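One structure is given below, encoded as structure tokens.
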Amino acid sequence: PKMQEAIRIGQKVAKSNSTVFLRGESGTGKEIMAKMIHALSDRHDKLMISINCAAIPESLLEGILFGTSKGGFTGAVDREGLFEQANGGTLLLDEISAMPYELQGKLLRVLQEDYIRRVGGMKDIPVDVRIIATVNEPPEDLIAQGKLRSDLFYRLCVVNIEIPSLRERMDDIQILAERFLEKFNNKFDKEIWMISDGALKKLKNHSYPGNVRELENIIEQAVSMSENEHALTEKNLSMPSRRRKAPTINYDKDVPLDKYLDDIEAKIISEALFEARGNISKAALTLRASSVEEKPM
């Protein structure tokens with residue numbers, strides 16, 4: 001249901017020109033969602049350009065986005081940036097919180113005024129670009145850490161879509177695994193017709209810190225390494241073992257009630273941190289989600 005709701009919102013917003021803010025862990029499918037939004041929009045016949053802000057050195061990112069003008073600095077040439085190249089289309093800014101803070105301010109101005117100025121240039125160039133931005137951590141945490149400007153976030157977050165982790169949609173594992181099986185059968189010219197119950201159980205028992213991307217990699221490896229099998233079994237699957245659980249606390253019946261409850265709380269938090277691989281934000285979200293789901297009506 002969470003994924004269906006995210007898709008429903010994406011399909012609906014595709015018909016508008018509103019900026020879209022996608023939030024979700026790495027590997028959940030944010031770029032696929034962005035591609036769907038572009039494909040269903042009136043801009044589908046124009047370019048969609050993606051850039052991972054974390055993969056570009058800070059010194060180059062501004063020129064790549066806004067372009068450069070000859071004579072602006074030593075060695076500069078007239079070159080279009082991604083905004084000009086994507087004019088009329090869509091620009092996906094992946095991991096936007098990795099963009100330098102000062103450059104985020106320049107991006108905000110572009111979003112407000114619909115023009116760019118090349119690095120070293122004096123001319124304002126009008127652009128018509130739809131922006132889709134993504135983050136893989138809670139934006140509230142990124143703002144608090146000084147990694148994301150709050151004014152830019154509120155300008156981008158016209159439509160906010162949260163892509164759930166695979167842990168939150170375990171019923172999708174079979175659907176996804178069968179789709180990936182079909183994909184890699186074709187890629188590697190294999191004839192694996194089904195996934196055994198044992199393999200499916202093993203897939204569903206995994207925690208997937210890498211989300212859907214990790215599941216896809218697991219199936220790709222299994223199919224590529226298979227020989228003449230026609231069924232994917234648990235023996236074909238290779239995945240990291242589960243992380244060690246926090247140790248169980250043994251309680252003494254003579255322990256005061258408040259101490260007993262404090263110990264239980266500490267154990268629950270410790271286990272959540274283990275599952276989140278030490279990421280406090282993810283652990284907090286997990287605990288908050290659990291408290292909502294288990295709250296009696």
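Quick check: is even one residue across region 119-126 open to solvent by 70 Å² or more (accessible area, probe 1.4 Å) and modelled with pLDDT under 95? Scanning region 119-126, I find at least one residue that is open to solvent by 70 Å² or more (accessible area, probe 1.4 Å) and modelled with pLDDT under 95, so the answer is yes. Evaluating P1 against the criteria (1) at pLDDT below 95; (2) in contact with a His (Cβ under 8 Å, 6 or more places away or on another chain) leaves one unmet condition, (2). In the condition set (1) among the acidic types (D, E); (2) crowded, with 16+ Cβ neighbours inside 10 Å; (3) within 24 Å of the chain's Cα centre (by Cα), E140 is compliant with all but (2).
The residues of region 10-46 that are open to solvent by 40 Å² or more (accessible area, probe 1.4 Å) and in contact with a His (Cβ under 9 Å, 6 or more places away or on another chain), listed by number, are H44, K46. Is at least one residue of region 124-144 assigned to a loop (DSSP other than H, G, I, E, B) and more than 28 Å from M36 (Cβ to Cβ)? No; the residues of region 124-144 include none that is assigned to a loop (DSSP other than H, G, I, E, B) and more than 28 Å from M36 (Cβ to Cβ).
Filtering A54, A14 for residues that are touching a residue at least 40 places away in the same chain (Cβ under 8 Å) and either under 20 Å from the mean Cα position of the chain (by Cα) or under 18 Å from F153 (Cα atoms) (or both) leaves a single hit, A54. Of all residues in region 212-232, exactly one satisfies the criterion of being over 24 Å from R169 (Cβ atoms), surrounded by 15 or more Cβ atoms within 10 Å (Cβ to Cβ) and not small (G, A, S), namely E229. For region 63-81, a residue qualifies if it is part of a helix (DSSP H, G or I) and open to solvent by 50 Å² or more (accessible area, probe 1.4 Å), and exactly one does: I64. Of the numbered criteria (1) open to solvent by 10 Å² or more (accessible area, probe 1.4 Å); (2) of a type in the set (D, E, K, R); (3) touching a Lys or Arg at 6+ places or on another chain (Cβ under 7 Å), the one D151 fails is (3). Among K267, K282, which is basic (K, R) and modelled with pLDDT under 75? Within the list K267, K282, the selection yields K282.
The values are calculated or read from the model by the stated rules, or taken from the named source; none is laboratory data. Computed from a predicted model, the values in this text were never measured in an experiment. We place every Cβ from the backbone using ideal geometry, glycine too, and count neighbours over all the protein chains shown. The accessibility values were calculated without ligands, DNA or RNA, using every heavy atom of the protein model including side chains. Shrake-Rupley method; radii C 1.70, N 1.55, O 1.52, S 1.80 Å.
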